[in-house]
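Values in this text are rule-based calculations from the coordinates and carry no lab data. Bear in mind that the values here come from a model prediction, so they are computed numbers and not experimental data. Because the Cβ atoms are built from the backbone with ideal geometry, glycine has one as well, and the counts that use them run over all protein chains shown.
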Amino acid sequence: MAVRIAPSILAADFGCFRAALEAIEGAVDIVHFDVMDGHFVPNLTFGPALIRALRPASKLVFDVHLMIERPETSLSSYIDAGADRVAIHHEATPHVHRALMMIREAGRQAGLAINPGTPVEAVFPLLDAVDYVLVMTVNPGFGGQSLIPATLKKVAALRRRLAEGGRRIPIMVDGGIDPTTIGPAKAAGADEFVAGTAVFGTGDPRAAIAALKEAAGRMTGGR
Ligand code: DX5
Ligand code: ZN
């Protein structure tokens, strides 16, 4: 399984997002946007205007993580702004399947995110409707938290389920990923790793990305 690091600009300097993208361009192929609405999660970050403003400045895949209530009411704004992938939360709407279909019908990749308290079985009936699953390894809302180990059991259960169904889609983990946790997360079956603090919280984002890839390879015997 290839290791794909998705730096989260949540941990970057909010006054210099363009510089943050430049700092990782070439070292990764994807960047993670944490959209928070102050309702689904207590924190408030940014909306589609930021994605629109940054889109011409970068060739990276824009991976948008919507931590917002009723995402079906506004997700088209994020698609229009230039999101390549959009993840919605299972807990955020009674119309999860409809919202996933809206993303796919717009020709973008649809992701389904689950909080630590949500059983992984909740995504099983929806697997045919998703292009990737985002397993939260912390409670959403803030960067800089510690990974909750029990969430990796859900990653493993999901990877098993996918294998049984002959399905090979990415499992993205998000929260508390650093050089000590990326190996266990990869061993559990994750292949995409959001990293905020571990990339932008350091003085050298490129070196930090290399260290994460190295740690993933070292702890699981391959990349
Ligand atoms: C948390 C966000 C994460 C966050 C991860 O709600 O979804 O993407 O940026 O930050 P770190 O890597 O610092 O845990
Ligand atoms: Zn995120």
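Tell me, what is the FRET efficiency for residue 204 and residue 127 to the nearest 0.05, using R0 = 45 angstrom and their Cβ-Cβ distance as r?
Details: r = 38 Å, r/R0 = 0.85.
Taking R0 as 45 Å, the efficiency between residue 204 and residue 127 is 0.75.
Using only helices, what value at 222 nm comes out for the chain when you add -39,500 (n - 2.57) per DSSP H run of length 4 or more and divide by the total residues, to the nearest 500 deg cm²/dmol?
Values: 8 runs with 74 residues, N = 223.
Rounded to the nearest 500, the figure is -9500 deg cm²/dmol.
The stretch between residue 118 and residue 164 holds 14.4 nm of extra length on full extension. This uses 0.36 nm per residue minus the Cα-Cα distance. Subtracting the Cα-Cα distance of residue 14 and residue 39 from their residue separation scaled by 0.36 nm leaves 6.9 nm.
Taking N as the number of residues in the range 1-124, what is its alpha-carbon radius of gyration divided by 2.2 N^0.38 Å?
In units of the 2.2 N^0.38 Å rule of thumb, it is 1.04.
Averaging the Cα positions of each part gives two centres, and for the range 6-29 and the range 147-166 these lie 29 Å apart.
Our coupling estimate for the range 161-171, obtained by passing each phi through the Karplus curve with A = 6.51, B = -1.76, C = 1.60 and θ = phi - 60°, is 4, 4, 5, 4, x, x, 9, 10, 10, x, 10 Hz, Gly and Pro reported as x.
Taken about its Cα centre, the chain carries a charge dipole of about 560 debye when Lys and Arg each add +1 at the Cβ and Asp and Glu each add -1 at the Cβ.
Give me the percent relative contact order of the range 4-219, please, defined on Cα pairs under 8 angstrom at least 6 residues apart.
On the way: 435 pairs, mean separation 42.7, N = 216.
Reported as a whole number, the value is 20 percent.
Springs between Cα atoms under 10 Å define the GNM used for the chain, and in it the highest mean-square fluctuation of 69, 22, 164 occurs at 164.
Please rank 177, 30, fewest neighbouring Cβ atoms within 10 Å first, as an exposure proxy. Don't skip to the end; give the middle numbers.
Numbers: 177 28, 30 18.
Result, fewest neighbours first: 30, 177.
Per residue, how big is the convex hull of the chain when only Cα atoms are used? Give it in Å³. Walk me through the intermediate numbers first.
Details: hull volume 24.3 nm³, N = 223.
With only Cα atoms used, the chain gives 109 Å³ per residue.
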